[in-house]
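Contents: one structure, followed by commentary.
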Amino acid sequence: MKRKDFLFLSGIGAGAMVLPDFSAFATPIDPLQALDKIDVKIKKELADIALNAARAKGATYTDVRIGRYLNQFVSTRDKRVQGVANTESFGVGIRVIANGCWGFAATNNVTKESIAKTAQEAVAVAKANAKIQGEAVQLAPQKGFGEVAWQTPIEINAFEVPIKEKVDLLLNVNDIAMQNGASFVNAALFAVNEQKYFASTDGSYIDQDIHRIYPSFGVTVIDRASGKFKTQASLSSPMGMGYEYMNARPEDKVSGVVTRYKGRYDILEDIKNATRVAKEKITAKTVEPGKYDLVLDPSHLWLTIHESVGHPTELDRVLGYEANYAGTSFLTLDKWQSKNFKFGSDHVNIIADKTQKGSLGAVGYDDEGVKCGKWNLIKDGVLVNYQTIRDQAHIIGLKESQGCCYAQSWNDVQFQRMPNVSLESGKAKLSVDDMIKNVEKGIYIIGDGSYSIDQQRYNFQFGGQLYYEIKNGQIVGMLNDVAYQSNTQEFWNSCSAVCDESDYRLGGSFNDGKGQPGQSSAVSHGSSTARFNGVNVINTARKI
Amino acid sequence: MAILSKEEAQAILKKVMSYSKADACEVSLNGSDGGNIRYARNAVSTAGQISVMSLSVNSTFGKKTGSASINEFDDASLKKVVSRAEELAQLAPENPEYMPLLGPQTFQESATYNANTAAMTPDTRAEMVGKSLGVAKAANLDAAGFLENSTRFNSVMNSKGLFAYNKSTNVSFSVTIRNKEGTGSGYVEQDFNDLNKMDVLALSKIAAGKATGSAGAKAIEPGKYTVILEPLAASDILSNMFRGFDARSADEGRSFMSKKGGGTRLGEQLFSENVNIYSDPMNPELPSATWNGDGQSLKRTQWVEKGVVKNLSYSRFWAAKKGVEPLSGGRSMVIEGGTQSLQDLIKSTEKGILVTRFWYIRSVDPQTLLLTGLTRDGTFYIENGEIKFPIKNFRFNESPIIMLNNVEALGKPVRTGSGMIPPMKIKDFTFSSLSDAI
């Protein structure tokens with residue numbers, strides 16, 4: 001049976017039925033239970049059992065992750081609450097090296113006996129695979145940090161906000177949409193809390209408390225006479241924040257053709273705007289295909305950065321570890337070694353950062369005990385680095401890992417995942433209005449839409465939420481049926497300007513998929529509005 | 001321990017049910033046991049073994065439902081999970097779409113379990129992966145693959161006397177084999193309930209053949225071409241469409257199944273006359289469970305007959321609202337075909353393109369179901385009934401609705417992706433740009 005069938009069969013509750021991308025074994029709990037914490041002393045004691053049991057069976061390295069993963073998901077449709085789900089997934093994952101090969105085993109039976117047995121199973125898996133293994137695993141050295149802790153700097157724990165407050169807010173969102181002429185509306189709020197304890201034979205015992213939040217909605221307007229329907233998605237972003245994200249201040253609002261948000265979000269304002277623009281889409285004119293200068297808002301550009309810069313600079317993809325699923329990368333080692341591979345124009349400076357406040361990828365330490373940092377991937381348009389983890393760092397001559405290891409849960413094995421990858425703002429003062437003034441024939445795109453890119457990250461096609469035609473420096477009206485197609489290197493070399501840091505905003509993916517079995521991770525991408533010259537735009541209208 | 005027999009599962013569920021004080025109670029008990037090996041660069045990269053079991057309770061007072069779950073099975077824990085679900089139900093908002101529970105149902109015995117697959121060990125997996133690695137190493141190629149097996153049980157009981165149980169096994173295998181220069185790539189994927197049907201050696205040889213055969217691809221102009229889609233490619237592009245056979249979104253006016261001016265396209269000729277689609281949980285090649293999440297029986301359903309839409313799925317709520325019988329969405333989709341092999345379809349083609357698979361398919365416009373994506377791991381030019389040379393990958397922008405109006409021939413269906421899918425010969429398929437990806 002396919003995994004999705006299992007999810008379907010097991011999801012008898014309304015809540016479970018609508019849970020997207022949560023672990024199949026996350027279990028519903030009482031909301032108040034989410035506020036309990038497990039004593040760090042107990043976690044250390046359990047971790048030591050795993051480390052000792054694996055060592056006794058011949059493991060040369062062991063790490064153990066005791067994880068409690070809490071999710072809260074409130075979803076509504078029109079006037080109705082579709083589901084309120086509080087889930088908890090608690091268990092232990094043990095990873096070992098034995099006979100030079102990795103082995104992993106996990107259990108949700110968190111007892112001393114079960115943990116010892118699971119550690120032994122992990123060693124047995126490693127030893128079985130060592131028989132068909134080639135080269136032994138080379139692990140970059142990592143010093144132990146002793147007993148340390150890190151937590152997301154939040155102001156309001158979303159799990160402490162009563163469910164009723166969230167339900168009322170979302171029903172209010174839907175009500176505003178319906179009153180303003182929407183045909184249908186869905187609004188939802190996710191909150192995630194990862195309580196992760198990591199211990200390894202290097203001597204680290206790391207306790208982390210990580211929070212993420214994601215409010216979103218989708219509004220649909222139907223024109224029965226023409227049979228057309230149009231949708232608009234929220235311009236919110238998932239964030240590594242607490243519930244304070246829901247309380248926007250005046251300084252968080254970016255005015256323009258439609259209000260966008262930085263730092264904090266106003267869902268009640270955004271739904272009103274979204275309903276208005278969805279109605280405008282019904283009668284907007286269809287795009288004339290051809291070359292346009294694109295002005296891309298951060299609410300759109302984050303996804304293009306994610307797909308065309310974030311993924312191809314993952315070292316495991318470059319090396320072929322993802323060849324059977326996500327694919328490899330056009331950014332091969334020879335291009336990096338040449339030190340002059342022109343990935344983009346001089347305006348293109350791309351930073352990898354696992355420490356950025358408010359971002360989805362911010363943690364103190366990664367899931368193999370490496371302290372997190374910040375580094376350049378693209379400098380003045382040239383490819384200068386990758387993203388890597390302990391067992392691959394030596395391949396690019398690094399003495400230590402860059403701290404990009406992550407597992408979505410205790411029952412998944414950790415592997416290389418993308419840090420926050422962001423475009424640096426332009427150094428010279430430049431506002432969005434000033435950027436648009438200089439565009440003769442262009443399209444201003446806001447919000448993320450359809451996205452597709454090949455397995456080596458050359459050819460991509462992106463849509464958006466809102467398209468505005470620019471003629472001779474002026475926005476002249478809304479367009480429909482827009483998608484742009486380009487080649488990654490050509491596209492980033494066509495980048496002719498990036499607005500200054502006053503326009504810098506974060507977008508992000510709450511559920512980025514990778515690996516086999518598939519795992520989800522959350523990652524942010526920041527930028528200011530940027531301009532790309534002469535990009536190929538196609539018309540996506542069809543008749544069936 | 002994670003895999004309980006029907007009797008063991010029923011005994012736990014009965015005990016839980018005896019603790020319920022709610023107006024209605026529904027309990028599910030599910031478990032799985034399995035393992036996997038992932039390999040790349042001709043060596044194992046990760047491997048694991050995971051075993052889990054959990055119990056969920058849905059308690060309802062009036063139209064207010066609460067859920068709770070647990071993974072401990074002593075009496076005190078079972079009592080606790082029931083009372084927690086009942087407390088949450090009292091706090092929950094009313095669900096205006098709540099449907100009363102179904103009473104006892106009879107279900108056909110499914111054919112989803114196989115003892116050979118259930119008996120797989122880390123050593124069985126290592127041996128199978130060893131064979132696949134052998135193929136790549138012998139030909140001086142690089143293999144990256146994934147082998148996974150699982151045994152699962154699912155059971156549900158409700159306070160109106162419904163009980164359902166299913167046990168299933170699955171083994172799935174996929175491998176990408178590339179040449180050392182990175183100029184050629186081949187891929188296969190397959191899953192079965194029965195381990196004995198899985199031939200990793202033969203499958204790996206197909207991928208290796210494509211890796212070698214696709215090297216040195218030439219660029220040809222994008223445009224409209226006759227394509228031969230291998231079953232995997234056809235499955236990739238059609239799986240989105242199957243999800244659209246839903247009455248509610250069609251009635252609401254937000255689906256490709258919606259009719260201009262209101263209503264649905266049920267009964268309309270939406271596809272070519274040679275298109276017939278049904279689902280059948282008892283299909284011996286692609287068995288599935290015979291019941292769904294809310295305890296409805298799954299039966300053979302004709303979705304498309306001679307190109308005409310014959311059925312849309314109705315949830316119990318939407319069926320009641322529309323005054324029709326509920327109908328579950330299809331699993332184990334079968335697109336009927338003929339007797340021709342992939343080779344026969346190639347032979348009958350004057351000029352065309354053979355597609356091994358598609359990749360990164362995303363919806364561009366839900367109104368027309370326009371999709372975009374790319375070819376991957378073996379795309380070839382066909383002339384005068386023969387494969388002439390490998391070609392560079394293309395991006396397509398195409399709607400499966402348009403595609404199924406341009407069907408020239410369908411071959412013999414095989415188990416692939418989400419169904420039994422034939423190789424297909426389609427005219428006027430739209431490729432919109434070239435990709436350098438290999």
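Quick check on the stretch B:199-246: of everything there that is of a type in the set (Val, Ile, Thr) and touching a residue at least 24 places away in the same chain (Cβ under 8 Å), which residue is most open to solvent (accessible area, probe 1.4 Å)?
Residue satisfying both the conditions and the ranking: B:Thr212.
When you go through A:Gln465, A:Gln455, A:Gln461, A:Gln489 one by one, which is the residue that is facing another protein chain (nearest Cβ under 10 Å) and open to solvent by 10 Å² or more (accessible area, probe 1.4 Å)?
It is A:Gln489.
Keeping to the stretch B:321-376, report how many residues are assigned to a strand (DSSP E or B), of a type outside the set (Val, Ile, Thr) and facing chain A (nearest Cβ under 7 Å).
Looking only at that region, the number is 9.
Could you check B:Glu148 against (1) of a type in the set (Asp, Glu); (2) in contact with a Gly (Cβ under 9 Å, 6 or more places away or on another chain); (3) over 24 Å from A:Trp102 (Cβ atoms) and say which number it fails?
(3)
Each row is one residue, and each column tells you yes or no for (1) closer than 30 Å to A:Ile396 by Cβ; (2) acidic (Asp, Glu).
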position: A:Ala98; (1), (2): yes, no
position: A:Glu147; (1), (2): no, yes
position: A:Ile156; (1), (2): no, no
position: A:Leu171; (1), (2): no, no
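Which of the numbered conditions does B:Val275 fail, given that it passes all the others? Conditions: (1) surrounded by 19 or more Cβ atoms within 10 Å (Cβ to Cβ); (2) outside any loop (DSSP other than H, G, I, E, B); (3) modelled with pLDDT of 95 or more.
Only one criterion is unmet by B:Val275, namely (2).
Consider the stretch B:94-114. How many of its residues are open to solvent by 60 Å² or more (accessible area, probe 1.4 Å), within 12 Å of chain A (Cβ to nearest Cβ) and more than 22 Å from B:Arg152 (Cβ to Cβ)?
Total satisfying the criteria: 2.
Which one of A:Ile94, A:Ile132 is open to solvent by less than 10 Å² (accessible area, probe 1.4 Å) and either in contact with a helix residue (DSSP H, G or I) (Cβ under 6 Å, 6 or more places away or on another chain) or facing chain B (nearest Cβ under 7 Å) (or both)?
A:Ile94
Here is a yes/no grid of residues against (1) assigned to a loop (DSSP other than H, G, I, E, B); (2) among the hydroxyl-bearing types (Ser, Thr, Tyr); (3) within 21 Å of A:Asn129 (Cα to Cα):
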| residue | (1), (2), (3) |
| --- | --- |
| B:Asp142 | no, no, yes |
| B:Arg152 | no, no, no |
| B:Val156 | no, no, no |
| B:Tyr165 | no, yes, no |
| B:Thr169 | no, yes, no |
| B:Ile177 | no, no, yes |
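Among the residues of the stretch A:515-532, write down those that are of a type outside the set (Val, Ile, Thr), touching a Lys or Arg at 6+ places or on another chain (Cβ under 9 Å) and more than 12 Å from every other protein chain (Cβ to nearest Cβ).
Passing the criteria: A:Ser520, A:Ser521, A:Ala522, A:Gly526, A:Ser527, A:Ser528.
Please note which strands (runs of 3 or more DSSP E) are completely contained in the stretch A:290-408 and include at least 1 residues that are without any contact (Cβ under 8 Å) to a residue 60 or more places away in the chain.
A:374-379
Can you say whether B:Glu127 is open to solvent by 50 Å² or more (accessible area, probe 1.4 Å), within 11 Å of chain A (Cβ to nearest Cβ) and outside any loop (DSSP other than H, G, I, E, B), as far as the supplied structure shows?
The answer is yes for B:Glu127.
Modelled with pLDDT of 95 or more, assigned to a loop (DSSP other than H, G, I, E, B) and facing chain A (nearest Cβ under 8 Å), is that true of B:Thr183?
In short, no.
Of everything in the stretch B:11-52, what is out of contact with any strand residue (DSSP E or B) (no Cβ under 9 Å at 6 or more places or on another chain) and either under 30 Å from B:Ala143 (Cα atoms) or free of Cβ contacts under 8 Å to residues at least 12 places away in the same chain (or both)? Give them in sequence order.
Matches in the stretch B:11-52: B:Ala11, B:Ser18.
The values are calculated or read from the model by the stated rules, or taken from the named source; none is laboratory data. Treat the numbers as computed from the prediction; the structure is a model and nothing was measured. Methodologically, a virtual Cβ is constructed for each residue, glycine included, from the backbone with ideal geometry; neighbour enumeration extends over all protein chains shown. The area values use the complete protein model at the heavy-atom level, side chains included, leaving out ligands, DNA and RNA. Shrake-Rupley method; radii C 1.70, N 1.55, O 1.52, S 1.80 Å.
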